[in-house]
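Read the structure below first, then the notes.
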Amino acid sequence: MNAGARLSGVAARAAPAAEVLLRRLRPDIGRALAGRRRAAAELAAWGRRRAPGPLVWLHGASAGELLGAAPAIRTLRSRGADRSGRRAQLIATYSSPSGRAALPWLDADHAGYPPLDRRRDCDAALAALRPGLLVFAKLDVWPGLAAAAARAGVPTALINGTVRAGSRRAGPVARRLFRQSYARLGAVGAASPEDARRLVALGVRADRLGVTGDAAFDLALERADRARADGSVAAFRAALGGPGEGTLRLIAGSTWPADEGALLDGVAAARRAGGPVWQLVIAPHEPTAAHIDALAASCAARGERAVRWSRLGESTGPPAGAVIVLDEVGRLAELYAAGDAAWVGGGLGGTGLHNVLEPAAAGLPVLFGPRHDRADARALEAAGGGLGSPAGALADTLSRLADPRLREHHGRAARAFVEAGAGAATRTADLLSSLWPG
């Protein structure tokens, strides 16, 4: 067994003790650990009763990784993966509870947490499931599961492969621990040439590696276009109410407290300076009751009123000037298309910038903080669709965006950027088809 799998197994054996503490300190992580302890038995039970036929196992850390993989996996399944033409079944697993938000886009036959990354659990799950292919999304390669797949003769792949500059996995210790796990992968699709070089440094074999792009571009376009076609955008606009003459709508997605404070201050400062009035719609990254209560208190301290999306009346819109707080998950991509501009959270508080492709696909100017390591955000900014803005400059940026010609310019550039990156779904499905036992 390689060093990474041994370390992962040791951590898995410590999980029951850690779960007790985490249930008090971090209930979300505690619940995820409990789910992983049950996962081997649940996967095995489903595997024993599943219908015969081909099966793909897709694993991603959370919703973002699974959503980015969805177009390629759907394309692969639609091709008829065995000689009888039977559509492949799909198991989707995720490490974070947020992964559940991606399930409507995957049409999985079974979904839940992966087993603890130790030999007995991974071997049992694979023996019962008998998948034809195990696919990791982005970079979440679990060494114990990869080793178990090798023992079971199950081919493995990594798609939308991304290694950010400065990633902890690129450090010398991590490379030694996980090199064998990456070397075992049968096919790897990198999101960019830079990612491909970093993946080779991690241990991926160059002869099994291709630059396929990131299918998250395809999904972002699909969600934005579907939202307009199926009436989701119109429904959001109706529920949010007409912003009123001279009022613009700023959709702030995946926010953290640092983002929210800067947004409230920036919108107020732009208004005081005689700039545009912005209707602010905030979708927190973690819309827990505690977070939303704190956000409402922050609004009240500034003399603003916060209204939760779930409490908006069906027949009446929100009070004039109220801050709208989206207190549900899974609808942010559709909500963006109802705005005039977007703010993406995570670039101020050091938590990591979130998905900039969704608002870009909606054709909006995309604003974000400067503290991030996302290559797609840098490229979006260079293309003219992204606007990096420190907290102190946000009011000025919002005032400049009062010009409809400027908003249209940045919005068109943002949409064009996403369209230029599309096509990875088909290329990735081709890569996976090369491993499929046909």
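The values are calculated or read from the model by the stated rules, or taken from the named source; none is laboratory data. In this text the structure is predicted, and so the values were computed from the model without any measurement. Note that each Cβ is placed from the backbone with ideal geometry, even for glycine, and that neighbours are counted across all protein chains shown. With ligands, DNA and RNA removed, areas are computed over all heavy atoms of the protein, side chains included. Shrake-Rupley method; radii C 1.70, N 1.55, O 1.52, S 1.80 Å.
Quick notes on this structure:
- In degrees, nearest ten, helix 257-272 long axis to first principal axis of the chain (Cα): 20 degrees
- Each peptide in 117-127, 137-147 gets a packing score, the mean of other Cβ atoms within 10 Å over its residues, and the list from highest to lowest is 137-147, 117-127.
- Rounded, prolate or oblate (a/c below 1.5 giving rounded, otherwise prolate when a/b exceeds b/c) for region 141-188 by Cα gyration tensor: oblate
- Helix 216-229 and the longest principal axis of the Cα set of the chain meet at an angle near 50°.
- Distance from the alpha carbon centroid of region 371-438 to that of region 331-367 works out to 9 angstrom.
- Label-point gap, in nm, between ASP403 and ASP265 - each point 7 angstrom along Cα→Cβ: 2.6 nm
- Counted charge near ALA70, where neighbours are those whose Cβ lies closer than 14 Å (Asp, Glu -1; Lys, Arg +1): 0
- Each Lys or Arg adds one and each Asp or Glu takes one away; over the other residues whose Cβ falls under 10 Å from the Cβ of VAL366, this sums to -2.
- Backbone phi angles across region 124-140, fed through the Karplus curve with coefficients 6.51, -1.76 and 1.60 (θ = phi - 60°), yield HN-Hα couplings of 5, 5, 5, 5, 7, 7, 6, x, x, 7, 10, 10, 9, 9, 6, 7, 7 Hz in residue order; Gly and Pro are listed as x.
- Amide H contacts of VAL325: ILE282, VAL307, ARG308, TRP309, each under 5 Å away and 5 or more positions distant or on a separate chain (H built 1.01 Å from N in the peptide plane; Pro and chain starts excluded).
- Interchain or long-range residues, amide H under 5 Å from GLY363's placed H: ARG415
- Computed extension gain for ASP207 through ARG49, at 0.36 nm per residue and net of the alpha carbon distance, reaches 53.1 nm.
- Amide H contacts for SER389 (H built 1.01 Å from N in the peptide plane; partners 5 or more residues away or on another chain; cut-off under 5 Å): PHE368, GLY369.
- Accessible area of region 309-438 belonging to carbon and sulfur atoms, whole % at 1.4 Å probe: 51 percent
- Cα long-axis angle, helix 172-183 against the chain (0 to 90 degrees, to the nearest 10): 60 degrees
- Estimated FRET transfer efficiency when R0 is 25 angstrom, pair SER310-ALA34 (beta carbons, to 0.05): 0.35
- Alpha-carbon Rg/Rh ratio, for region 287-347, with Rh computed the Kirkwood way: 0.95
- Other residues whose C-beta falls under 9 angstrom from the C-beta of PHE217 contribute a net charge of -4, scoring Lys and Arg +1 and Asp and Glu -1.
- Mean separation of Cα contacts under 8 Å (6+ apart) over length of the chain, as relative contact order %: 15 percent
- Centre separation in Å (Cα based) which lies between region 93-139 and region 248-288: 37 Å
- Region 234-373 shape via C-alpha gyration tensor axes, a/c threshold 1.5: rounded
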